[in-house]
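Please treat every number below as a calculation from the coordinates, not as lab data. Just so it is clear, the structure is predicted and the values come from calculations on it, not from any experiment. FYI the Cβ positions are ideal-geometry reconstructions off the backbone, even for glycines, and counts take in every protein chain you see.
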Amino acid sequence: MSLYKNWTDLVVDYVKKNGEDAFWEEYSSIEKKIYTKLLYDHQGNIKDSIENLAVAFQVEPVYFTGFLDGINESLINKIELEKVEKDVEIEINIDYEKLYFNMVDAKADYLYTLPQWDSIFSKEKRRDIQFSYRDTKTTVNKNKIGRNDPCLCGSGKKYKKCCGKEA
């Protein structure tokens with residue numbers, strides 16, 4: 001059985017027994033510990049087996065696999081997690097800007113506010129990333145209907161006297 005399958009089974013079992021909030025409380029402390037060390041070192045490429053990386057980050061291999069599942073979208077080359085075993089060498093090459101953006105997107109303030117980010121990005125750069133995230137979530141209606149424009153329903157009436165009456 002793959003480590004990834006073990007990870008997903010662990011999550012499902014834990015949530016069934018203890019609830020989702022309890023899982024996230026426990027896992028977020030593990031995740032924070034890994035990110036604290038990873039961001040402090042912020043070396044470019046990390047190559048090693050999951051077993052050795054789990055030892056280096058002081059977590060169980062299954063939890064390190066869960067960490068990889070979370071960071072996979074922020075890697076330059078994604079890892080095929082379903083194929084990864086303890087002794088297989090993996091490469092972790094992080095796109096830090098994308099990682100920060102994804103942390104903001106996940107509303108993981110316990111991660112994107114870590115002081116270790118100070119040595120990677122300036123406060124201005126982090127603010128710019130947060131603004132770019134907000135821009136992706138803002139929708140602008142470019143086809144604004146004026147009160148006196150013809151109604152879109154095709155009735156021939158002004159919008160304010162037809163469909164806009166209830167708006």
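Values for this structure:
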| read-out | value |
| --- | --- |
| Sites matching chymotrypsin sites (Phe, Trp or Tyr not before Pro) across the stretch 117-155 that sit in DSSP coil, with at most 15 neighbouring C-beta atoms within 10 Å | PHE121 |
| Candidate values (1) 21.8; (2) 16.3; (3) 19.0, label of the one derived for Kirkwood radius over Cα pairs in Å | (3) |
| Angle in degrees between helix 96-105 and the longest Cα principal axis of the chain, rounded to the nearest 10 | 60 degrees |
| Potential extension, GLN130-LYS5 segment - 0.36 nm per residue separation minus Cα distance | 41.7 nm |
| The chain, helix-only ellipticity at 222 nm - DSSP H runs n ≥ 4, -39,500 (n - 2.57), divided by all residues, nearest 500 | -16000 deg cm²/dmol |
| The chain: angle of helix 20-41 to the longest principal axis, Cα-based, in degrees nearest 10 | 70 degrees |
| Contact order relative to length of the stretch 3-121, as percent, for alpha carbon pairs under 8 angstrom and 6 or more apart | 32 percent |
